[in-house]
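Remarks on the structure that follows.
Nothing in this text is a laboratory measurement; each read-out follows from the coordinates by a stated rule. Treat the numbers as computed from the prediction; the structure is a model and nothing was measured. Note that each Cβ is placed from the backbone with ideal geometry, even for glycine, and that neighbours are counted across all protein chains shown.
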Amino acid sequence: MPLGKALASIQDRVTLSVKSATMLAIMLAIILGGEGHAARRARDGETVGAAGAPAGCYYGSYLRLDQLLSSQQPASDAAGKPAHDEMLFITVHQVYELWFKQILHELTRVEADFAANPVDDRQVVRAIHSLHRVHEILKLLVHQLDVMETMTPLDFLDFRDLLYPASGFQSAQFREIEIRLGLPRDTRIAFDRAPFESKLSDRDRERLIRAGETPSLLQLLDAWLSRTPFVDWGGTSFRQAYRAAVVQMLTADAEKVRGDTQISSNQRAAETLAIESALKNFAAIFEDSADAAWRMSGPAIEAALLITLYRDEPALNQAFRLLQTLMDVDETMTLWRYRHALMVSRMLGVKVGTGGSSGHDYLRATAERHGIFTDLFRLSTYLIPRSALPPLPAAIARGMSFVYETKQPAE
Ligand code: HEM
């Protein structure tokens, strides 16, 4: 009789605790001289068909549902003051952490693909696919706050005090996502005048140190973009042709603002200053100046501009889609930050968070300042209408096209 069936029939007849069934499976396997499927499952801590599970892969065991579904332990129950909504609070956070895990899983593959030099074009397609998945997950995470908000502030107060000083601020997976995407350390909003790691356990802190030791996606993207062919146009270059066109456009804009009598002199001055600053930042791309307000290197930004402008060229199309998907991911993370901040304001008013921050104000500031691929968004300042684009030199245009030759059937 197969080991699984033997176990099931034993269990049907004798009421055994899960623990003793587990021991029995291991012992039987040893006696029979081999580690069968049931014993392996038992060794791995799974329930061995407590209700006579059919042989083979079993839904509950495969998904480790015993572990998963016994992991919601309300603190209010333990305190002897059960609060109905704490179950929702725990479940929603746990679901978030599962999705964070999936996001990190996708990032691992994208990073590995982009660590290669050169990056295989097929891997770029795969990376776009993974990042698109990350974006869809993030969209779901924004919506999930609707479920959280079915808990009212009064319901939350039933158990909030039991949570001190724990906070979502301590989510190591969330921090790892930020770090691996490339949020620069020096742009983080100060929290309690201490680095965010000070609120974490040693294990989580070490995990994040390790995450910061490998190149972030932003750095990998920078390296990949910097190697983009087609930026050098032979005798001239994309930079010379395009730079002149943009400077001309922005200078004309500044002239228009200066001559605009419909707006106040203060507004005129502010707008002129903004255009002058845009011109300075544009020049910095090509001069790679140290005080530049860009995160990526000059060559990478120049390539991103070329890709954005000439995206209809077949050779640049995948790269364009990649940049768009990264912006989708960044934008939806920001959306989550705003949405979470709004929820916190509704839930807490101006109370401080359980983790000790100013709550809503701190979270709003992260929404405004914790963007990652911000350079890609700023490129729009320097786009000019298609009609004013410098034409591609013929040799470059040919290099960017795919040609599929079809053999004509013999007559
Ligand atoms: C009743 C619901 C919630 C409230 C009142 C709340 C409140 C807060 C507050 C006040 C902070 C700032 C740090 C602090 O002082 O504690 C914070 C941070 C955070 N929360 Fe929530 N939160 C809620 C739900 C969630 C959920 C469902 C998640 C999903 C994982 C989450 C994830 C985070 C994260 C990742 C941070 C750190 C944000 C950053 O530093 O950029 N929170 N939360």
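Annotations for the structure displayed:
- One residue stands out among those in region 352-404 that are within 16 Å of the ligand (Cβ to nearest atom), in a helix (DSSP H, G or I) and small (Gly, Ala, Ser): the one that is farthest from the chain's Cα centre (by Cα), which is Ala365.
- The residues of region 92-116 that are farther than 12 Å from Arg126 by Cα and hydrophobic (A, V, I, L, M, F, W, C), listed by number, are Val92, Val95, Leu98, Trp99, Phe100, Ile103, Leu104, Ala115, Ala116.
- The set of residues in region 175-190 that are touching a helix residue (DSSP H, G or I) at 6+ places or on another chain (Cβ under 7 Å) and either more than 12 Å from Arg295 (Cα to Cα) or not β-branched (Val, Ile, Thr) (or both) comprises Arg175, Glu176, Ile177, Ile179, Arg180, Leu181, Gly182, Arg188, Ile189.
- Residue list for region 337-348, filter: free of Cβ contacts under 8 Å to residues at least 24 places away in the same chain and either over 20 Å from Gln170 (Cα atoms) or within 6 Å of the ligand (Cβ to nearest atom) (or both): Val344
- Per this entry, Ser61 is counted among residues that are of a type in the set (S, T, N, Q) and in contact with a Lys or Arg (Cβ under 9 Å, 6 or more places away or on another chain).
- Single residue of region 330-351 satisfying the filter (assigned to a helix (DSSP H, G or I) and among the β-branched types (Val, Ile, Thr)) that is farthest from Arg160 (Cα to Cα): Thr332
- Scan region 196-211 for residues that are outside any helix (DSSP H, G or I) and crowded, with 18+ Cβ neighbours inside 10 Å and the total you get is 1.
- The single residue among Arg185, Arg126 that is more than 16 Å from the ligand (Cβ to nearest atom) and not hydrophobic (A, V, I, L, M, F, W, C) turns out to be Arg126.
- Considering region 158-179, and only residues there that are assigned to a helix (DSSP H, G or I), over 17 Å from Asp85 (Cβ atoms) and not charged (D, E, K, R), the residue that is farthest from the ligand (Cβ to nearest atom) turns out to be Ile179.
- Near pairs, Cβ below 8 angstrom, 6+ apart or cross-chain, from region 94-105 (in a helix (DSSP H, G or I)) to any residue that is of a type in the set (S, T, N, Q) and away from the ligand (no atom under 12 Å from the Cβ): Gln94/Ser71; Gln94/Gln72
- Ala315 small (Gly, Ala, Ser) and closer than 19 Å to Phe230 by Cβ: yes
- Top-ranked residue in region 100-115 [being in contact with a helix residue (DSSP H, G or I) (Cβ under 7 Å, 6 or more places away or on another chain) and of a type in the set (A, V, I, L, M, F, W, C); ranked as farthest from Thr214 (Cα to Cα)]: Phe100
- Options Arg243, Arg205, Arg188: the member that is over 30 Å from Leu309 (Cβ atoms) and without any contact (Cβ under 8 Å) to a residue 60 or more places away in the chain: Arg205
- Filtered residues of region 134-157 (kept if away from the ligand (no atom under 16 Å from the Cβ) and either more than 20 Å from Phe174 (Cα to Cα) or surrounded by 16 or more Cβ atoms within 10 Å (Cβ to Cβ) (or both)): His135
- Matching residues, region 293-329, being among the hydrophobic types (A, V, I, L, M, F, W, C) and not in a helix (DSSP H, G or I): Ala293, Trp294, Met296
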